[in-house]
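The values are calculated or read from the model by the stated rules, or taken from the named source; none is laboratory data. This structure is a prediction, so every number in the text was calculated from the model and none was measured. Every residue, glycine as well, gets a Cβ built from its backbone with ideal geometry; the counts of neighbours run over all protein chains shown. Surface accessibility is based on the protein's heavy atoms, side chains included, excluding ligands, DNA and RNA. Shrake-Rupley method; radii C 1.70, N 1.55, O 1.52, S 1.80 Å.
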Amino acid sequence: MAEETQKPEAAAAPAEEVVVEKEKKEAAPPSAATEAVVEEKQVEEDPKVEEKEPKVTQSASFKDETNIVGELPDAQKKALEELKQLIQEALNKNGFSALPPPPPAKEKESKPPAEEKKEEDQPAPAETEEKTEEKAPEKVEAEASAPAEVKEEEEKTPLPAETVVKTEVVEKAPAVEDDGAKTVEAIEESIVAVALLLQLINQRKLHLHRWNQRWFRKMSQRKPMFLHPTEEVSIWGIPLLADERSDVILLKFLRARDFKVKDAFTMLKNTIIWRKEFGVEGLLEEDLGNELERVVFMHGFDKEGHPVCYNAYGEFQNKELYHNTFGDDEKRSKFLRWRIQFLEKSIRKLDFSPTGINTIVQVNDLKNSLGLTKRELRQATNHALNLLQDNYPEFLAKQVFINVPWWYLAFNMMISPSLPREPRASSCLQVHPNQPISFSGKCIAPEHVPVQYGGLSREAEQEFAVADAATEDTIKPATKHTVEFPIAEKSTVVWELRVVGWDVNYGAEFVPTAEDGYTMIVSKTRKVGPADETVISGSFKTGEAGRIVLTIDNQTAKKKKLLYRSKAKPFSD
């Protein structure tokens, strides 16, 4: 406004000069003291920005990390608290909404109402120049001889910026008369008109003020829902800032971003928005069929209590199954939704307490895998992996690959130098080429391993349950190995055993404790080849004490892995 007022080059009246000075004062830059305060604030805020990105020392192994907040290093505790503050601020502002934030307001919209009205009421620069030229010297003299009382009134009653401009227009309006008296009367009439105009403006302002008071009073009496309530956001059934279970989830996002608070918050926000857009909560109730239950399934637990998920990609050798899963875009989309649904249901069964189990062991079976030959399979699995990496951080306790073909090892060796090294991921990765059961006994007990992967666990009802622990042993090459089960009087003993790879001779007999007793053959010695039954079961009922002796004759030049377990049950006559 100050620039517009200074545009006319003609000589301006003293009243106009006063207006210019007032506007200049209003638009004057902040004082040095104000600038000093701003600089001090900036200096104080700079260290805070550095503190938000602390250097956190990472644990060397995934197992060494704890979810108990009290046991965390100080830097990690601080990062967790800062993340909670960012989440609380976002919840207060509904910052986890799936809708994009509104665009920033323009400068014109950010101006106060008084300045907008001032711009509307001010005449165009051209009109101002014309009216300035129309002023005669007589008017300047008349204004100079105006009563001092009018000037004193103007000084005592400061007018808004908009009314000052209107005063200029009204003063310019009366025609200049030759007679001085008529000029004074015209000035007095203009002053009266201005006074009436000011009175009307003040009445309007008073009316608006009272209306604003009534409106704010009504708004304050309404329910808090109307005034942007705090947003409630849950993930995997747990509110973000509920209790110690929430801390476990937040620590997952922090660890996934090396405890960089801003990055972890961005990842968490993107995950929540993706879950809303993907419809994860409603997905849990959808019926997507069970055609893929042989491809991806949960079975048993590892020795530390983590649930184990198996991915058998060789099942897609079935052409019908492959076509029904990846035949077109709609089927691939259904596969992706099924995969996310399966993972969500598995995660809901985890215990998110600080001392509980909140990670999964994943076993990837690459036997008969189609690998890189099928474009649809490759695209669908890559899409699924990207979603899992972006939205399910730190859910893998171990990543195991079994039956790994030579081409996978060669491909992995070629691309591994160009991939970023992640200590957390590499610490839980195990690769077992052409050895389907080499991981059994290392991280998963044999009673939890499915029979197709070298274990003893079967789906149908069996004599043994998962709670019945199995024993592992090694049979040396070209040796006979015996296993004995003691049996009490009047009892029945049951057992099961497995030799991985078989190709041995097997037999069983009962040897009584009494010296005058007779040895009884329970199972004749026979050759068991690799294609025969995977698990051999047996039972023997007797009325006298003794022992069951199992004999395994390994005539090959390779050592064999033996798994077995037994239990005795008493009986009455």
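Do the conditions hold for LYS349, that is, is it more than 22 Å from ARG257 (Cα to Cα), surrounded by 15 or more Cβ atoms within 10 Å (Cβ to Cβ), among the charged types (D, E, K, R) and touching a strand residue (DSSP E or B) at 6+ places or on another chain (Cβ under 9 Å)? Here the answer is no, as LYS349 does not meet what is asked. Within the range 256-307, how many residues are over 22 Å from the mean Cα position of the chain (by Cα) and aliphatic (A, V, I, L, M)? The number of residues fulfilling the criteria is 5. Pairs meeting the criteria (first residue in the range 236-247 and touching a residue at least 60 places away in the same chain (Cβ under 8 Å) and more than 9 Å from SER353 (Cα to Cα), second residue outside any strand (DSSP E or B) and hydroxyl-bearing (Ser, Thr, Tyr), beta carbons under 8 Å, at least 6 apart or on different chains) are ILE238/SER246; LEU240/SER246. Only one entry of THR551, THR534 meets the criterion of being part of a strand (DSSP E or B), within 25 Å of GLN462 (Cα to Cα) and among the β-branched types (Val, Ile, Thr), and that entry is THR551.
Tell me, which residue of the range 357-381 that is part of a loop (DSSP other than H, G, I, E, B) and open to solvent by less than 20 Å² (accessible area, probe 1.4 Å) is farthest from ARG294 (Cα to Cα)? Outline the logic, then answer.
We begin by selecting, within the range 357-381, every residue part of a loop (DSSP other than H, G, I, E, B); these are 357-359, 366-370, 374.
If we keep only those that are open to solvent by less than 20 Å² (accessible area, probe 1.4 Å) as well, we get 358-359, 366.
Values: ASN358: 24, THR359: 22, LEU366: 14 Å.
Filtering the range 357-381 for residues that are part of a loop (DSSP other than H, G, I, E, B) and open to solvent by less than 20 Å² (accessible area, probe 1.4 Å), the one farthest from ARG294 (Cα to Cα) comes out as ASN358.
Name the residue, out of GLY300, GLY305, that is in contact with a His (Cβ under 9 Å, 6 or more places away or on another chain), under 24 Å from TRP236 (Cα atoms) and either part of a loop (DSSP other than H, G, I, E, B) or open to solvent by less than 30 Å² (accessible area, probe 1.4 Å) (or both). Result: GLY300 is the single residue among GLY300, GLY305 that is in contact with a His (Cβ under 9 Å, 6 or more places away or on another chain), under 24 Å from TRP236 (Cα atoms) and either part of a loop (DSSP other than H, G, I, E, B) or open to solvent by less than 30 Å² (accessible area, probe 1.4 Å) (or both).
Among the residues in the range 276-291, are any over 30 Å from LYS84 (Cβ atoms), in contact with a strand residue (DSSP E or B) (Cβ under 8 Å, 6 or more places away or on another chain) and not in a strand (DSSP E or B)? Working first, answer last.
Taking the range 276-291 and keeping what is over 30 Å from LYS84 (Cβ atoms), we get 285-291.
Narrowing further to those that are in contact with a strand residue (DSSP E or B) (Cβ under 8 Å, 6 or more places away or on another chain): none.
There is no residue in the range 276-291 that is over 30 Å from LYS84 (Cβ atoms), in contact with a strand residue (DSSP E or B) (Cβ under 8 Å, 6 or more places away or on another chain) and not in a strand (DSSP E or B).
Of the residues that make up the range 384-394, is at least one assigned by the TED database to the domain that holds TRP338, open to solvent by 20 Å² or more (accessible area, probe 1.4 Å) and either over 24 Å from MET267 (Cβ atoms) or touching a His at 6+ places or on another chain (Cβ under 6 Å) (or both)? Show your work before the answer.
Residues of the range 384-394 that are assigned by the TED database to the domain that holds TRP338, as a first pass: 384-394.
Imposing the further condition that a residue be open to solvent by 20 Å² or more (accessible area, probe 1.4 Å) reduces the set to 385-390, 394.
Next, only the ones that are either over 24 Å from MET267 (Cβ atoms) or touching a His at 6+ places or on another chain (Cβ under 6 Å) (or both) stay: none.
No; the residues of the range 384-394 include none that is assigned by the TED database to the domain that holds TRP338, open to solvent by 20 Å² or more (accessible area, probe 1.4 Å) and either over 24 Å from MET267 (Cβ atoms) or touching a His at 6+ places or on another chain (Cβ under 6 Å) (or both).
For the residues VAL500, VAL549, VAL528, the requirement of being under 23 Å from ALA445 (Cα atoms) and β-branched (Val, Ile, Thr) singles out VAL500.
Check whether at least one residue in the range 259-271 is touching a Gly at 6+ places or on another chain (Cβ under 9 Å) and either under 25 Å from VAL451 (Cα atoms) or part of a helix (DSSP H, G or I) (or both), and report yes or no. Yes, there is a match, as at least one residue in the range 259-271 is touching a Gly at 6+ places or on another chain (Cβ under 9 Å) and either under 25 Å from VAL451 (Cα atoms) or part of a helix (DSSP H, G or I) (or both).
Conditions (1) over 17 Å from ASP473 (Cβ atoms); (2) surrounded by 14 or more Cβ atoms within 10 Å (Cβ to Cβ); (3) in contact (Cβ under 8 Å) with a residue 60 or more places away in the chain, marked per residue:
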site: VAL499; (1), (2), (3): no, yes, yes
site: ASP532; (1), (2), (3): yes, no, no
site: GLY543; (1), (2), (3): yes, no, no
site: LYS561; (1), (2), (3): no, yes, yes
site: LYS567; (1), (2), (3): yes, no, yes
site: PRO570; (1), (2), (3): yes, no, yes
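Can you tell me which residue within the range 429-480, out of those that are of a type in the set (Val, Ile, Thr) and at pLDDT 85 or above, is surrounded by the most Cβ atoms within 10 Å (Cβ to Cβ)?
The initial filter retains those residues of the range 429-480 that are of a type in the set (Val, Ile, Thr), namely 431, 437, 444, 449, 451, 466, 471, 474-475, 479.
Restricting the remaining residues to those that are at pLDDT 85 or above gives 444, 449, 451, 466, 471, 474-475, 479.
On the way: ILE444: 28, VAL449: 26, VAL451: 15, VAL466: 12, THR471: 12, THR474: 10, ILE475: 20, THR479: 12.
Once the filter is applied, the top-ranked residue is ILE444.
Can you tell me which residues in the range 308-341 are among the hydroxyl-bearing types (Ser, Thr, Tyr), open to solvent by less than 20 Å² (accessible area, probe 1.4 Å) and part of a helix (DSSP H, G or I)?
Let us first name the residues in the range 308-341 that are among the hydroxyl-bearing types (Ser, Thr, Tyr), namely 310, 313, 322, 325, 333.
After this cut, where a residue has to be open to solvent by less than 20 Å² (accessible area, probe 1.4 Å) as well, the list is 310, 325.
Scanning the range 308-341 gives a single hit, THR325.
Are any residues in the range 469-508 part of a strand (DSSP E or B) and among the aromatic types (Phe, Trp, Tyr), and if so, which ones? Passing the criteria: PHE485, TRP495, TYR506.
Scanning the range 235-290 for residues that are in contact with a helix residue (DSSP H, G or I) (Cβ under 8 Å, 6 or more places away or on another chain), closer than 25 Å to PHE326 by Cβ and exposed (fewer than 14 other Cβ atoms within 10 Å of the Cβ) yields LEU284, GLU286, GLY289.
The number of residues in the range 277-326 being at positive phi and either touching a residue at least 12 places away in the same chain (Cβ under 8 Å) or charged (D, E, K, R) (or both) comes to 3. Taking (1) charged (D, E, K, R); (2) in contact with a Leu (Cβ under 8 Å, 6 or more places away or on another chain); (3) under 30 Å from ASN92 (Cβ atoms); (4) open to solvent by 60 Å² or more (accessible area, probe 1.4 Å) in turn, GLU344 satisfies each apart from (4). In the range 513-524, the residue that is farthest from GLY546 (Cα to Cα) out of those that are among the β-branched types (Val, Ile, Thr) and surrounded by 13 or more Cβ atoms within 10 Å (Cβ to Cβ) is VAL522.
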